[in-house]
1. Identify all residues within segment 268-294 that are under 17 Å from V226 (Cβ atoms) and open to solvent by 30 Å² or more (accessible area, probe 1.4 Å); write none if there are none.
2. Can you name every one of the strands (runs of 3 or more DSSP E) wholly within segment 1-99 that holds 3 or more residues which are within 14 Å of the ligand (Cβ to nearest atom), open to solvent by less than 10 Å² (accessible area, probe 1.4 Å) and not hydroxyl-bearing (S, T, Y)?
3. What about I246, is it within 16 Å of the ligand (Cβ to nearest atom), within 22 Å of the chain's Cα centre (by Cα) and more than 24 Å from L31 (Cα to Cα)?
4. Which one is nearest to R77 (Cα to Cα), of the residues in segment 268-290 that are in a strand (DSSP E or B) and within 16 Å of the ligand (Cβ to nearest atom)?
5. Can you tell which of E139, E145 is of a type outside the set (S, T, N, Q), farther than 18 Å from W94 by Cα, open to solvent by 30 Å² or more (accessible area, probe 1.4 Å) and touching a residue at least 24 places away in the same chain (Cβ under 8 Å)?
6. How many residues are out of contact with any Lys or Arg (no Cβ under 7 Å at 6 or more places or on another chain) and polar (S, T, N, Q) when one looks only at segment 164-179?
7. Report, by residue number, each residue of segment 188-198 that is open to solvent by less than 30 Å² (accessible area, probe 1.4 Å) and closer than 17 Å to T168 by Cβ.
8. Examine segment 175-187 for a residue that is among the acidic types (D, E) and open to solvent by less than 30 Å² (accessible area, probe 1.4 Å), and state whether such a residue exists.
Amino acid sequence: MDNRIKGIHHITAIAGNAKKNFDFYTRVLGLRMVKKTVNFDDPHTYHFYYGDKVGTPGTILTFFPWEGIQTGRRGARQVTEIGYSVPEGSLDFWVKRLDDNNVIYNKPSVKFGEQYVSFLDPDGLKFELTVPKQPDTREPWTTNEVSAENATRGFHHITITSNKMDATAKILTDVFGYKLLEQEVNRYRFVTDAVENAAIVDIVEIPAEIAGHVAGGSVHHVAFRVENEEILMQYRDKIVNMGLHITEKIDRNYFYSLYFREPGGVLFEIATDNPGFSVDEPVEELGSGLKLPAQYEAHRSEIEQSLPKLA
Ligand code: ZN
């Protein structure tokens, strides 16, 4: 059982203004910034990681903020929604908070028997706050403004919009061990029982939908979680055996990764639990300093000066 895909590891999206992004996720949503680093391929751009106290896989949302980037367009071959789970009774708090902060949102609604509120972040990325049928027991990160009775617990689900649903579903079921749980109209809910949380992938099937454009306010890729590098490489073999292209193992400092484009067109990553975010700063200080990979340390002062100010 240990070599299974353990739900979602992290989700990476593209933002515009860095300060707006930082303010929205740390203050309005009340997430912890667990790592402030740079894009390893473009060190004059930040890479922000938000999550729970330690950045547990299944809570990690990351952004590349590119000032002035054009806004993307939701469409097929994309992750088009990110769902967080929130406690029962918290939706009134969230509706008021979204309202008070001039966030675009929809009134609470229900799907698959679960109540949720949807909203857009400052760049137009779509989110849902869902009250799961089974209470989510994960320990939340809390702030002065977002206490434990309201705080997000981590991911509930992602939604993929697909014009080639069978191709995407085949990876989920045949390789990742997900099962089709329920269907509402053209929304198909897949779930893995390998983990209790961050275990759901919805596919919304729209055969005539054209591919979306990945830019500001879009998800760049979704990463699925495995325990260690040995299991990571087992999945690499499985993907290769399906005749798909997949990268070599990449060291992302805080996890090891593989990337492949699933046949439905979404960029998937598989990422390890190890070594985690406390590898280069103590848990108490996560996110407080700018962390650079070794190859950029010699250029630290120049890089620091070029990055946007957050306060
Ligand atoms: Zn990633």
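1. Selection gives D273, N274, P275.
2. Once the strands (runs of 3 or more DSSP E) in segment 1-99 are filtered for at least 3 residues that are within 14 Å of the ligand (Cβ to nearest atom), open to solvent by less than 10 Å² (accessible area, probe 1.4 Å) and not hydroxyl-bearing (S, T, Y), what remains is 8-15, 60-65.
3. Here the answer is yes, as I246 does meet what is asked.
4. If we take residues in segment 268-290 being in a strand (DSSP E or B) and within 16 Å of the ligand (Cβ to nearest atom), then F268 is nearest to R77 (Cα to Cα).
5. E139
6. Applying the first criterion (out of contact with any Lys or Arg (no Cβ under 7 Å at 6 or more places or on another chain)) to segment 164-179 yields 164-172, 174, 176, 178-179.
So of that shortlist, the ones also polar (S, T, N, Q) come out as 168.
Count: 1.
7. Across segment 188-198, the qualifying residues are R189, F190, T192.
8. If we filter segment 175-187 for residues that are among the acidic types (D, E), which is where we start, we get 182, 184.
Pick out the ones that are also open to solvent by less than 30 Å² (accessible area, probe 1.4 Å) and you get none.
No - not one qualifying residue is present in segment 175-187.
The values are calculated or read from the model by the stated rules, or taken from the named source; none is laboratory data. Because the structure is predicted, anything quoted here is derived from the model rather than measured. We place every Cβ from the backbone using ideal geometry, glycine too, and count neighbours over all the protein chains shown. Only protein heavy atoms, including side chains, enter the accessible area calculation; ligands, DNA and RNA are left aside. Shrake-Rupley method; radii C 1.70, N 1.55, O 1.52, S 1.80 Å.
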